[in-house]
Amino acid sequence: MNYRLTIAAALAVILASISEFALISGGRWLVESAGAVLVVALAGLLTRLSPVPSAVGATVLSAAATAPMLAAQPLYFKLIATVVIGCCAGSASGLRLFRTIAADVTYVAALLLYLNVLHAGPQSLVRVIPTTASLRHLVHLATSGASLAKYSPPVAGTHGVALLAAASIGAAAIIVDFVAVRLRKPAIAGLPLLVIYLAPIATTAKVSGPGAIFTFVLAATGYLALLSSDGRSRLRGWGRVVTVWHQSGDERAAGADIGGLAATGRRIGLAAVCAAIVVPLLLPSLNLHRIFSGFSGGKGAVPVGFPNPVDEMNGLLARKSAQTVLSYQSNGASGGNYLQVYVLNYDRDKGLWDLVPPVRSAQVTGGPLQQAPGLNPSTVQQQIFTTIKLGQVNGYWWKVFFLPVPYWPMRLSVAGNWREADGTLMVYSGEASHSGQTYTVTNGEVTPTPAQLTAPQQIPAPIRQAYLGFQSPQTAQLTKIALRITKGKTTAFGRAVALEQWFHTSRFSYSLHPPAVPNTAQGLLTFLTTTRQGYCQQYAFAMAVLARLVGIPSRVAVGYTAGTEHADGTWVVTSADAHAWPELYFSGIGWLRFEPTPGGSGGQDSATQPSYVTAALPGHGSKSGPGSKNGNSHGPSPSTSASAHPFYKKVPFPTGSAGTGAVRNSRSAAPIGWSVLAVFVLLAAAPGLVRMMSRRRRWSAARDDESLAHAAWQELCADLDDYGLTCQASESPRAIARRIGSEAGLSDDARSAVRRIAIVVERARYAPVPEAADTVRADVKQVRRSLARSAGLTARWRARLLPASTLSPLGAAVRQGLGLLTGWMPAQGEGTLG
């Protein structure tokens, strides 16, 4: 049985799986996935035993895995389980069909049992055998993990995500083991490895930089090791070499002299991998189709594709700790302002809210930007100047970068090539990275009068066609809810305020981990009538839909709330401030922001109701709506936001001038420095500690005179290696004793001790009865002390801290590994051809 190829296949899968760190945070999933790969490897070994043992193993595993089917009431479940177990038992006959079925069942059953023990042990029979309850628990975990797949990576490494990772990587390991080991096609086994490696690249995960290079090298190393192991086993199958000389451990005595051929094959493989990396860098770049009409800015063509704003927002909110995204200073009366990044509209064909594509746009030149759609020039407005500095965390990130700006931007001073989308006024660039960039934006803030807000709606045809209507099987039920909420409201603005305040009642609660509902109209109906738990995504989409059903055009904006104000007037926006809110259209005013998401300590703390909504509420002079501060139209109070939101307790904020985007904490440098120092100290002391432990282990394992003699000789040779004196394998113990006595500068007592050790060792090796070895331990200690006294200070400390007897085997192992994996450095026993 080819154990080397099995081990190489498992190692290749584990190394390729490390690339999934771009998708999943934490390390739990990797440990569980590595365990799944090992279980699959053991199952593969079981399938390759002789028919009877493999049949017994397959039968036991299949019986355990199908226990829930055997216990189920429907008869066809019992029949299916019986047929599977019968095929596994029948594989003992050696029939190819039965053996194939048994092998497949062995793989799958072993993986299922492993996942069941790991994630559903309490629900299982004796914590091992699956039950209906344990399978339901696994399905529930898998569903919860799959619900995180819509978030921007890396997602949190929850139990559900770890289960999905271990199951998928285990399934890939089954294919690799079957193809590489059973079918002996390791080159084809690279395809499932490639699927694992390319999974982060096929998503919005960030796979650039040193991390991507490291994961690529690991994946390539695993694949090369798999090819190398298969090549060595095939060459070894040529037969034995007839030779006069035989040395224990010499690979040539066990098979053909394959060293040169194996090393040459690895050189070719490594050269091919290097060529695959370098050649694309030398080829001319491919210009992708320009998705933006008339786009002329940015470096090169804009990549095809749009970001998924909701996934990016959810990824920011799902972070374990808040990270600073940007900071700004503003001259607005209310201080802060919501920052809009994306505008979403309901796509009737897809049945979901999606980014409005910037098909038509205008170049940002520093002059006046586009007028806000639907805004009457007579509407009262004020200009606000805001200076923004982006932090090192890009926040909403895509190959096309959308700039966070307050709505509506009138002027923009920013370096680079930027465009403003018609209608939505989104500002974007083809340059992906803008960390640390500073820009200034002048935006107009509308202050509508009560008369304007209550005026009859006159909706332009383009707005009506694009932002009204919601067709689904649940539209009638949703319309009934919307009409019940807005009953008695005679104006569009009155209906909008009623919808917003309905979400602020005690019926609804805020949760970043709401019950899972589908992203459909039925899911919306379930949220409004049953679960009533969610965060900004659910609230924004729900109010936008209900507003359309009562005749108010709506869209959804995704960006950031105002953030947190600090003592020097700087506002800091973190990933915890990522937000979505509905915008409703009113005649002569244009798009107005509404805030249905609960604010305050029980909701998204930095979410605030606009002043024109709180002014329309009864008793607004003394009591503002939830999440607002005395009618403040934008930002939360510093005291409230800094104390109520749990994220703000964990993240230090800058206290310097505006534009301080990066978070700095000088007190964190000391623990990091001490940690680094501790790591260096441990690494420096490790060889000496290993030497001490190996010495103690040798002496403790010696029980009789013969084992004491062997331990004494190993310790003596190790001590000589530490002080630069080697023991040649061709020398006898007595010859080494004579040479060391004259070369090492030992004392007379130490030379006598060396002679006594040599005599004891020779008698233990060759005499019928070994000599008493009671004094050899003391003799070895005396020789070691004499070597230390005769050596210089540098040699003495080198022998203690960096003992050659410990480091030399490590160096040999590294050289062996490099030789096996790269071929540039021949492995032990391998020569060169020619």
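General remarks:
- Residue 510 satisfies every condition listed in (1) open to solvent by less than 10 Å² (accessible area, probe 1.4 Å); (2) in contact with a Ser or Thr (Cβ under 9 Å, 6 or more places away or on another chain); (3) over 18 Å from residue 354 (Cα atoms) except (1).
- For the stretch 29-64, the set of residues classified as in contact with a Gly (Cβ under 6 Å, 6 or more places away or on another chain) and in contact (Cβ under 8 Å) with a residue 60 or more places away in the chain consists of 29, 36, 40, 46, listed by residue number.
- So residue 422, is it in contact with an Asp or Glu (Cβ under 9 Å, 6 or more places away or on another chain), closer than 26 Å to residue 457 by Cβ and of a type in the set (Asp, Glu): no
- Test for residue 807: is it within 18 Å of residue 690 (Cα to Cα), touching a residue at least 24 places away in the same chain (Cβ under 8 Å), assigned to a helix (DSSP H, G or I) and open to solvent by less than 90 Å² (accessible area, probe 1.4 Å): yes
- Residue 734 without any contact (Cβ under 8 Å) to a residue 40 or more places away in the chain, open to solvent by 40 Å² or more (accessible area, probe 1.4 Å) and within 16 Å of residue 787 (Cβ to Cβ): no
- For residue 172, the conditions (1) more than 26 Å from the chain's Cα centre (by Cα); (2) modelled with pLDDT of 90 or more all hold with the exception of (1).
- One residue stands out in the stretch 737-771 among those that are of a type in the set (Ser, Thr, Tyr) and either under 25 Å from residue 807 (Cβ atoms) or open to solvent by 70 Å² or more (accessible area, probe 1.4 Å) (or both): the one that is modelled with the highest pLDDT, namely 766.
- Those residues of the stretch 171-186 which are part of a helix (DSSP H, G or I) and either of a type in the set (A, V, I, L, M) or open to solvent by 40 Å² or more (accessible area, probe 1.4 Å) (or both), in sequence order: 171, 172, 173, 174, 175, 176, 178, 179, 180, 181, 182
- Among the residues making up the stretch 471-491, a single one is in a helix (DSSP H, G or I), farther than 23 Å from residue 348 by Cβ and free of Cβ contacts under 8 Å to residues at least 60 places away in the same chain: 484.
- Looking across the stretch 187-211, the residues that are touching a Ser or Thr at 6+ places or on another chain (Cβ under 8 Å), modelled with pLDDT of 75 or more and open to solvent by 10 Å² or more (accessible area, probe 1.4 Å) come down to 196, 197, 199.
- Subset of the stretch 503-522 [assigned to a helix (DSSP H, G or I) and closer than 30 Å to residue 323 by Cβ]: 503
- Helices (runs of 4 or more DSSP H) completely within the stretch 1-76 that count 1 or more residues being open to solvent by 20 Å² or more (accessible area, probe 1.4 Å) and in contact with a Cys (Cβ under 8 Å, 6 or more places away or on another chain): 51-65
- Remark: residue 101 matches the filter, which requires a residue to be assigned to a helix (DSSP H, G or I) and in contact with a Cys (Cβ under 6 Å, 6 or more places away or on another chain).
- Any hit, the stretch 699-714, residues being out of contact with any strand residue (DSSP E or B) (no Cβ under 7 Å at 6 or more places or on another chain) and at pLDDT below 85: yes
- Pick from the stretch 109-133, criterion of a type in the set (A, V, I, L, M, F, W, C) and surrounded by fewer than 19 Cβ atoms within 10 Å (Cβ to Cβ), ranking: nearest to residue 30 (Cα to Cα): 118
- Within the span defined as the stretch 88-104, every residue fails to be buried (at least 20 other Cβ atoms within 10 Å of the Cβ), in contact with a helix residue (DSSP H, G or I) (Cβ under 7 Å, 6 or more places away or on another chain), hydrophobic (A, V, I, L, M, F, W, C) and closer than 29 Å to residue 159 by Cβ.
The values are calculated or read from the model by the stated rules, or taken from the named source; none is laboratory data. Given the structure is predicted, the values throughout are model-derived calculations rather than measurements. Glycine gets a Cβ as well: all are built from the backbone with ideal geometry, and neighbour counts include every protein chain shown. Heavy atoms of the whole protein, side chains included, go into the accessibility calculation; ligands, DNA and RNA do not. Shrake-Rupley method; radii C 1.70, N 1.55, O 1.52, S 1.80 Å.
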